[in-house]
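Undergrad: My structure is below; once you've seen it, I'll send some questions.
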Amino acid sequence: MNRQKSKPWGLSPTFTLLLGALAACGHVGVRVGPAAGDAAAPADRAVRSQEAKEEEALRSVLALVEQKRAAFTIGPADLLEITVYQEPDLERKARVSPEGTITMPLIGELKLAGLGIADAEKAIHLKLKRYVVDPHVSVFVKEYGNKQVYILGEVQKPGSYSLPTEAPLTVIEAVALAGGFTPYAATNRTRVIRTREGKNESLQVEVTAITKRGDKSKDVRLEPNDVVFVPESFF
């Protein structure tokens, strides 16, 4: 039996012209011109790129601060918290004297000034082992005698600065101490990185509100070991 071949589906010339006319008018789902969000997409990508670069710069700054802290040596007026594993009677908070010494039970006076944390733990261990079997000593700096803050990023003289004892220091004052902002500073994205219980928290500082509108309540009072980070403006 002969079968008639089915004709392929197609569009008539008239319908094709009609479809073209409708498309030209923006109908039948054919998009004419860019969508509303397309123009904003490059700007969004630029912002995300800037944020990524800023976070990378912040990580580098915090790594540098940790290196400086790792090179820390004990000094006068530092408050040390000393623990000995399973020996609660030997736990002490001891303030380093002007001569650089502390006093502990069993061992008496011991000079620790100029030592790093690991060396201080070893010195206490060597003294205690005469009285305690294999003492496991931990030393933690509870409070720094020489209180410092770090002002880093887009300031004229980045570095560490001593906190004054006679008056509090705010972010704007700290930036002035570091020579002021550079021309490339993204001033309104200035941040204070503060460590609490081993975790970093970030405090945003609205510099323009302080310097242009005189709102001093926006200024942040600095605490020992705070990091003031001024990022670079990429625009």
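Undergrad: Restricting the stretch 94-122 to residues that are buried (at least 16 other Cβ atoms within 10 Å of the Cβ) and not aliphatic (A, V, I, L, M), which is farthest from the chain's Cα centre (by Cα)?
TA: GLY100
Undergrad: May I ask you to say which residue of TYR150, TYR144, TYR131 is hydroxyl-bearing (Ser, Thr, Tyr) and either more than 24 Å from ALA63 (Cα to Cα) or touching a Leu at 6+ places or on another chain (Cβ under 6 Å) (or both)? First the steps, then the outcome.
TA: On the way: TYR150 fails: either more than 24 Å from ALA63 (Cα to Cα) or touching a Leu at 6+ places or on another chain (Cβ under 6 Å) (or both); TYR144 fails: either more than 24 Å from ALA63 (Cα to Cα) or touching a Leu at 6+ places or on another chain (Cβ under 6 Å) (or both).
It is TYR131.
Undergrad: Sort out which residues of the stretch 203-235 are loosely packed, with under 13 Cβ neighbours inside 10 Å and more than 18 Å from the chain's Cα centre (by Cα), and write them in order of number.
TA: Correct list: THR208, LYS212, ARG213, GLY214, ASP215, LYS216, SER217, PHE235.
Undergrad: Here is a further query. For GLY114, work out the one condition from (1) touching a residue at least 24 places away in the same chain (Cβ under 8 Å); (2) in contact with a helix residue (DSSP H, G or I) (Cβ under 6 Å, 6 or more places away or on another chain); (3) over 21 Å from LEU64 (Cα atoms); (4) not acidic (Asp, Glu) it doesn't fulfil.
TA: (2)
Undergrad: Need a quick list: strands (runs of 3 or more DSSP E) entirely within the stretch 132-179 having at least 2 residues that are under 24 Å from VAL207 (Cβ atoms), without any contact (Cβ under 8 Å) to a residue 24 or more places away in the chain and touching a Phe, Trp or Tyr at 6+ places or on another chain (Cβ under 9 Å).
TA: The qualifying strands (runs of 3 or more DSSP E) are 159-162.
Undergrad: Still on this structure, please answer the following. From the list LEU177, LEU163, LEU152, which one is touching a strand residue (DSSP E or B) at 6+ places or on another chain (Cβ under 8 Å), at pLDDT below 90, closer than 30 Å to SER233 by Cβ and in the same structural domain as GLU55 (by TED's automatic domain parsing)?
TA: LEU163
The values are calculated or read from the model by the stated rules, or taken from the named source; none is laboratory data. Since the structure is predicted, the reported quantities are computational estimates derived from the model, not experimental observations. No Cβ is skipped: glycine too gets one built from the backbone with ideal geometry, and neighbour counts run over all protein chains shown.
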